[in-house]
Each structure stands twice: as C-alpha cells, then as structure tokens.
Amino acid sequence: MPDNPDVENDIRKLVAEILEVEPHEINPEVHFVKDLGMDSMMALEILAGIEKKYRIVIPEEMLPKFTSLKETVRIVQGILGSKKR
C-alpha cells in the first residue's frame with residue numbers, strides 16, 4: 001500500500017497532461033521514454049510540476065531515475081517521507 005495513494009494519482013495526471021496521453025494509459029510499469037515518447041524537456045516539465053505541487057526540491061541528478069510512474073512515485077514519496085521527519 002502506498003504511503004499516500006493521492007501521490008500516484010496526482011503524478012499520473014501530471015504526466016498524462018504533459019505527455020498528452022490519457023491517464024489510464026499510464027500504468028505503474030509503462031516506460032515514459034520508450035512507451036510514451038517523453039523527451040528531456042517534458043521530463044523537466046514533469047519534475048517542475050511535481051516540485052511545485054508538493055513544495056519539494058528534487059535534485060537534478062535524480063531526473064534519469066524518473067523512468068516510470070512506479071519509480072517516480074517511489075522517489076517522490078521518499079522525498080516527502082524524509083521531509084516529514
């Protein structure tokens with residue numbers, strides 16, 4: 001069970017909007033670049049959107065790890081979890 005199920009839904013909606021796909025097309029395992037055609041500008045836009053929504057800072061070196069919804073949610077929840085402590 002995810003720490004915050006809303007995080008997954010929020011990120012799914014954000015990614016769908018930026019990649020111009022339907023949210024239901026983004027399952028946890030779908031690869032953003034290979035399956036959905038994400039480029040580096042889209043990746044930065046997603047990163048900025050997540051940072052703004054959750055008021056967090058994601059180190060730029062984490063960007064290559066944002067390969068799927070599952071990985072992105074895991075990273076964001078990790079940052080949110082460490083922020084609460």
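Structure summary
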item	result
Relative counts (whole %) of C-alpha pair distances in the chain, using bins that are 10 Å wide	17, 59, 22, 2
Within a Gaussian network of the chain (alpha carbon springs, distance under 10 Å), most fluctuating of 11, 75, 46	75
Cα-centred dipole magnitude for the chain, charges only on beta-carbon of K, R (+1) and D, E (-1), debye, nearest 20	520
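Bear in mind that the values in this text are calculations on the coordinates, not laboratory data. Keep in mind that this is a model prediction, so the values were computed, not measured. Virtual Cβ from ideal backbone geometry, glycine too; neighbours counted across all protein chains shown.
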